[in-house]
Amino acid sequence: MSFSAHDLLWVDEITLEGNESPSWYASHNQSLPVVVRRASRQTLIPVGVRGKNRSERLAAWACKSSVVKSVSPRELVQSEHARAYWQSSELVAFQTLTDVDAICQAYGIEWGVTGSLGYELATGMPCAHQDSDIDMTVYLSEPVPVETLTSLSDQLDKLACRVDTQIETALGAVALREWVLGRGESNVLIKTDEGPLLTDNPWAR
């Protein structure tokens, strides 16, 4: 099984990157999932450990054999448990996910939630707050007309909460706003496992 950036993994063991761990890691709950990050990979999975605060992040590596459970951002929003959680939340960001889902369904586009909202949905651990944005990914394996993506972006921009959307392709991830701003004709920054690069075609193999 292969894992992609933003997937959440529950693992038996990880290896921290670097020789020393920060003080907050000593009290970190080891039963919480790690987040797959973008980095060059051979046999190990690049992951990140989330602490309680935004400043508490730690790079690490995990073996595939140590993965006990996994959930992707798109699997997360398809979960009845996650949907019940966000529908009962008093936070604007969670409440807005219902609108995000309706918009993406209208366009026939698969989507997933990442960042603090995704982590809270997966763990039940409070991570979001009243001023949280929505970090989300739309999965487009093939090119979509820029006019369609512009309309999608415009509708997301009208929601009650700011939505930061990434387009995930086979090559990597590009910001939706940046792609539609250039009308699909300019170079954009795409984040790949081998590092960032500029491209005029996020779907190039």
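Summary table below
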{"item": "Pair ASN29, VAL68: separation of 7 Å Cα→Cβ label points (nm)", "result": "1.3 nm"}
{"item": "Where only C-alpha atoms are counted, convex hull volume of region 91-194 per residue in Å³", "result": "108 Å³"}
{"item": "Charge context of PRO73, other residues only, Cβ under 12 angstrom, K/R +1, D/E -1", "result": "-4"}
{"item": "Tensor-based shape of region 117-173 (alpha-carbon gyration tensor, a/c under 1.5 rounded, otherwise prolate or oblate)", "result": "oblate"}
{"item": "Accessible heavy-atom area order of MET1, MET136, highest first, probe of 1.4 Å", "result": "MET1, MET136"}
{"item": "Accessible surface of CYS127 - all protein chains present, 1.4 Å probe, nearest 10 Å²", "result": "40 Å²"}
{"item": "Only Lys, Arg (+1) and Asp, Glu (-1) charged, at Cβ; region 133-205 dipole about Cα centre in debye", "result": "80 debye"}
{"item": "ASP154 paired with TRP10, simple spin-label distance in nm, labels 7 Å along Cα-to-beta-carbon", "result": "4.4 nm"}
{"item": "CD proxy at 222 nm, helix term only [per DSSP H run n ≥ 4: -39500 (n - 2.57); per residue of the chain; nearest 500]", "result": "-8000 deg cm²/dmol"}
{"item": "Longest site-free stretch - the chain; sites: GluC sites (Glu not before Pro), DSSP loop, at most 15 other Cβ within 10 Å", "result": "91-184"}
{"item": "Sequence of ARG162, ARG83, ARG177 from largest to smallest accessible area, 1.4 Å probe", "result": "ARG162, ARG177, ARG83"}
{"item": "Axial C-alpha extent at least 15 Å, average Kyte-Doolittle at least -1.0 - helices from the chain (DSSP)", "result": "92-107, 146-157"}
{"item": "Charge tally in the Cβ shell below 13 Å around SER27, where Lys, Arg are +1 and Asp, Glu are -1, SER27 excluded", "result": "0"}
{"item": "Computed P(r) (all Cα pairs; region 134-205; 5 Å bins; percent)", "result": "3, 17, 30, 27, 15, 7, 1, 0"}
{"item": "Bins of 10 Å from zero: percent of alpha-carbon pairs in region 1-135", "result": "11, 41, 33, 14, 1"}
{"item": "Cβ-defined net charge surrounding LEU91, 12 Å radius [Lys, Arg +1; Asp, Glu -1]", "result": "-4"}
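The values are calculated or read from the model by the stated rules, or taken from the named source; none is laboratory data. Please read these numbers as outputs of a predicted model, since none were measured by experiment. Positions of Cβ are backbone-derived with ideal geometry, glycine not excepted, and every protein chain shown enters the neighbour counts. Protein only, heavy atoms only, side chains kept; ligands, DNA and RNA dropped before computing areas. Shrake-Rupley method; radii C 1.70, N 1.55, O 1.52, S 1.80 Å.
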